[in-house]
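Asks: One structure, as structure tokens, below. Some questions next.
The values are calculated or read from the model by the stated rules, or taken from the named source; none is laboratory data. The structure presented is a predicted model; accordingly, all values stated were derived computationally and were not measured. Every residue, glycine among them, receives a Cβ derived from its backbone with ideal geometry; neighbour counts consider all protein chains shown. The protein model used for the area step is the full one, side chains on, heavy atoms only, and it has no ligands, DNA or RNA in it. Shrake-Rupley method; radii C 1.70, N 1.55, O 1.52, S 1.80 Å.
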Amino acid sequence: QVQLVESGGGLVQAGGSLRLTCAVSEGVFTNYTMGWFRQQPGKERTYVGCISRIGAYTYYLDSVKGRFTISRDDANNLLYLQMNSLKPEDTAVYYCAATRSWYMNSWSQSEAYDYWGQGTQVTVSS
């Protein structure tokens, strides 16, 4: 019932920037902590970061800290991932996800998330 749709992926050169958007179905967005995950070629899906309800807290994978910023616009049911200083290793399919879990130690785990988008491809060339 809850739908998430990612957009904004594409091809960029190393050092460039890209902003991903996740549009979430209306009426329930504020009830969820929102996460970003990615699946690099030939690898399993991994955690990128998340933002708690009302944007009170953000958490990031160490390798993206200082480069990626997660934000949310609750009024418009939108989640963003601003990616700067992109590296070839950032090439992946990026997914947004929503969890109702109130346990922050679960937010880095795929298993905690109830709903997922279909993903958007980000390719970073060297």
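Asks: Could you work out the relative contact order of the chain, using alpha carbon pairs under 8 angstrom and six or more residues apart, expressed as a whole percent? Mind dumping the intermediate values first?
Replies: On the way: 308 pairs, mean separation 44.8, N = 126.
That works out to 36 percent.
Asks: Using a 4.7 Å Cβ cut-off, which Cys residues in the chain lack a partner cysteine?
Replies: Cys50
Asks: Continuing with the same structure: Local charge sum around Leu86 (other residues, Cβ-Cβ under 13 Å, Lys/Arg +1, Asp/Glu -1)?
Replies: Its environment carries a net charge of +2.
Asks: When the Cα centres of the range 1-51 and the range 70-126 are compared, how far apart do they sit, in Å?
Replies: Cα centroid of the range 1-51 versus Cα centroid of the range 70-126: 3 Å apart.
Asks: Next question, about the same structure. If you bin the C-alpha pair distances of the chain every 10 Å from 0, what whole percents do you get?
Replies: Pairs per bin, as whole percents: 14, 50, 30, 6, 0.
Asks: Zone of Ser101 (label point 7 Å along Cα→Cβ, backbone N under 16 Å): which residues in the range 26-48?
Replies: The answer is 32-38, 45-48, whose backbone nitrogens lie closer than 16 Å to the label point.
Asks: Taking only protein heavy atoms into account and a 1.4 Å probe, give the accessible area per residue of the chain in Å².
Replies: For the chain, the solvent-accessible area averages 52 Å² per residue.
Asks: Modelled label-to-label distance, Ser126 and Ala75, 7 Å Cα→beta-carbon offset: nm?
Replies: Between Ser126 and Ala75, the simple spin-label model gives 4.4 nm.
Asks: Next question. For a bin width of 5 Å, list the pair-distance distribution of the range 52-92 built from all Cα-Cα distances, rounded to whole %.
Replies: It works out to 5, 20, 29, 21, 13, 10, 2, in whole percents.
Asks: Follow-up. Find the Cα radius of gyration of the range 55-126, compare it with 2.2 N^0.38 Å by division, and give the number to two decimals. Intermediate results must be reported in sequence, preceding the final value.
Replies: Details: Rg = 13.2 Å, N = 72, 2.2 N^0.38 = 11.2 Å.
This ratio for the range 55-126 stands at 1.18.
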